[in-house]
Amino acid sequence: MKLFCGTLPGMKKGMDKNRLCRTFLDLVAIDGVTFAEQAVAEFVKKYFSDLGLTVEEDDAAEAIGGDCGNLLVRMEGENPAAQPLIIASHLDTVLPTEKLKVVEKDGVYYSDGTTILGADDRAGVAVMLECARVLVEEGGSPVPLELLFTVAEEKGLFGAKALRKGWLKGEVLYVLDSDGPVGRVVNGAPYGVKLAITVKGKSAHAGIDPESGVSAVVIASRAIANMKLGRIDELTTANIGTISGGQAQNIIPELVEVVGEVRSIEEDRLRRQAAHMKEAFKSAAAEAGGEVVFYSHQDYSGYYFPEDSPAIELVRRALDRLGIETVMETSCGASDANITTGLGIPSLVLSVGYLKPHTKEESLDRKELIKAGELVYEMVRIAG
Ligand SMILES: [Zn+2]
C-alpha cells in the first residue's frame, strides 16, 4: 500500500528544522564580508529561483562601492487585504572569516576559535530562506510578503541607506538581526549623529618661536578633557573616536581633525549632548586663540515603539503561541531598522538567538535558530 506523504491543500506542513540548520551551515561556509557579498547573494538568488520566485537587485553596489546590491523577493498573499509585511536580514558579516570552520558542541554552533561564526546575520538569512520554502511548499504566503536582504550593514548600514527609492511596499518591517535568546524584541534604538571637528591653531617653530604658535593639539585636548563622554545617561552615549593632526615634533601643530559621535533614544538629549561637545571645543579654542569648525550630521534616525503598538502585538501573539516570553528592550546599537524607520516604515529588530556577535566566541544554539524560524513562520500565519 502506498501511503500519501505529501501536504494536502490547506494543511500546514511547518518548518523543516534540519533543513533550516543545514541552510545556516551552507550560508556561513560562504565568505561574504562587507562590500564583498556577491557569493552569498548568488546563493540566495539560486535558492529563490529554485523556488520559482523572482529576486530583484537594486543599484546599491554602484552607490556604495560594493560587489552586489540589496536583494528583494516579493511573495503575493492569499489574503491581499492583510497588511503586507517586510522581513529583513543582512548578507554581510564582519571579519575575520578566512577558512571559517564550524564546530558543533552539544547542539551549539561555534567557529573553531580562529574566526567569527557569522551567525550575525546568516542566522537571519537562513530563517528567511527556510520560511519562504515552507510557504511555497504550502501553496503560498497567507500575507503579502517582502523579503529584503541588505548589503554592507556592518560597516555603517550602507546598503539600507542606498535602498532603491519606493522599492518597499510593506507597511511594517521586522529585521532579524539581534543577539540574545529568541523572544527579545528591540522596540527602541537611538538616533545617531556623526561629529567631525576641525581645530585650527597657528603653526610656529617649537624651539625657536613657540610664543607665536597656537597648538591645535592643546585646544583639542583641553576640549576633550572638559567634555562628558561615555554613558551620559540611560538613553545617551557619546564618544570621540579618532584624533589626527600635527606635522612634526618641532612644529606647533596647526590643524587637528577629530571624529566622534553621539547616540540617544531621545532626539532632544542627543542635541543637548552634541551642543555640549561643540561648546567645549569652542571655548577651548577661544581661550587659546584658535578656531573650530564643528560639523554634525545625522547618521540615522532612532525609533521607539510603545509596548501596545500593533507591530509588537503581532510578535507577542506569535511568541505566545510558541510558549516563549516576550522581552522588550531598547538598544544602543543602530541597525537597518533605523534606516527603514527613517523611510517611514515602522521597523523592529528581533533576536535570532546568536550570542557574542563580532567575536571569535560567537555562537548559535540550534534550538534558538529553530525557534527564530518558528517565530517568523507564526508571525506570517497570524498576520494572514
Ligand atoms: Zn547584524
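Restricting attention to segment 16-26, the residues that are closer than 17 Å to residue 115 by Cα and surrounded by 17 or more Cβ atoms within 10 Å (Cβ to Cβ) total 1. Could you check how many residues of segment 136-152 are under 16 Å from residue 44 (Cα atoms) and away from the ligand (no atom under 13 Å from the Cβ)? Adding up the residues that qualify gives 4. Picking from residues in segment 248-260 that are closer than 21 Å to residue 277 by Cα and buried (at least 18 other Cβ atoms within 10 Å of the Cβ), the one that is farthest from the chain's Cα centre (by Cα) is 254. For first residues located in segment 138-156 and at positive phi, partners that are in a loop (DSSP other than H, G, I, E, B) and within 14 Å of the ligand (Cβ to nearest atom) and lie 6+ apart or on another chain with Cβ distances below 8 Å form the pairs 152/34; 152/37; 152/92. Yes or no: residue 125 touching a residue at least 12 places away in the same chain (Cβ under 8 Å), touching a Cys at 6+ places or on another chain (Cβ under 7 Å) and within 16 Å of the ligand (Cβ to nearest atom)? No. When segment 363-375 is filtered for residues that are touching a helix residue (DSSP H, G or I) at 6+ places or on another chain (Cβ under 6 Å) and surrounded by fewer than 24 Cβ atoms within 10 Å (Cβ to Cβ), the ones remaining, listed by number, are 366, 370, 374. Taking the stated definitions as given, is residue 285 away from the ligand (no atom under 16 Å from the Cβ), assigned by TED's automatic domain parsing to the domain that holds residue 231 and modelled with pLDDT of 95 or more? So residue 285 fits the description; yes. On the given criteria, is residue 152 in a helix (DSSP H, G or I), in contact with a Phe, Trp or Tyr (Cβ under 9 Å, 6 or more places away or on another chain) and among the small types (Gly, Ala, Ser)? Against the criterion (in a helix (DSSP H, G or I), in contact with a Phe, Trp or Tyr (Cβ under 9 Å, 6 or more places away or on another chain) and among the small types (Gly, Ala, Ser)), residue 152 does not qualify.
Of 314, 355, 343, all but one fail to be over 23 Å from residue 190 (Cβ atoms) and over 14 Å from the mean Cα position of the chain (by Cα); the exception is 314. Filtering 184, 164 for residues that are within 15 Å of the ligand (Cβ to nearest atom) and touching a residue at least 40 places away in the same chain (Cβ under 8 Å) leaves a single hit, 184. One residue stands out among those in segment 206-247 that are free of Cβ contacts under 8 Å to residues at least 40 places away in the same chain and on the phi > 0 side of the Ramachandran plot: the one that is surrounded by the fewest Cβ atoms within 10 Å (Cβ to Cβ), which is 230.
Looking at this structure, is residue 263 within 25 Å of the chain's Cα centre (by Cα) and basic (Lys, Arg)? In short, yes. Please work out if residue 157 is over 30 Å from residue 248 (Cβ atoms) and under 16 Å from the mean Cα position of the chain (by Cα). So residue 157 passes the test.
Being assigned to a loop (DSSP other than H, G, I, E, B) and either within 16 Å of the ligand (Cβ to nearest atom) or among the β-branched types (Val, Ile, Thr) (or both) is a property that does not hold for residue 170.
The values are calculated or read from the model by the stated rules, or taken from the named source; none is laboratory data. In this text the structure is predicted, and so the values were computed from the model without any measurement. Note that each Cβ is placed from the backbone with ideal geometry, even for glycine, and that neighbours are counted across all protein chains shown.
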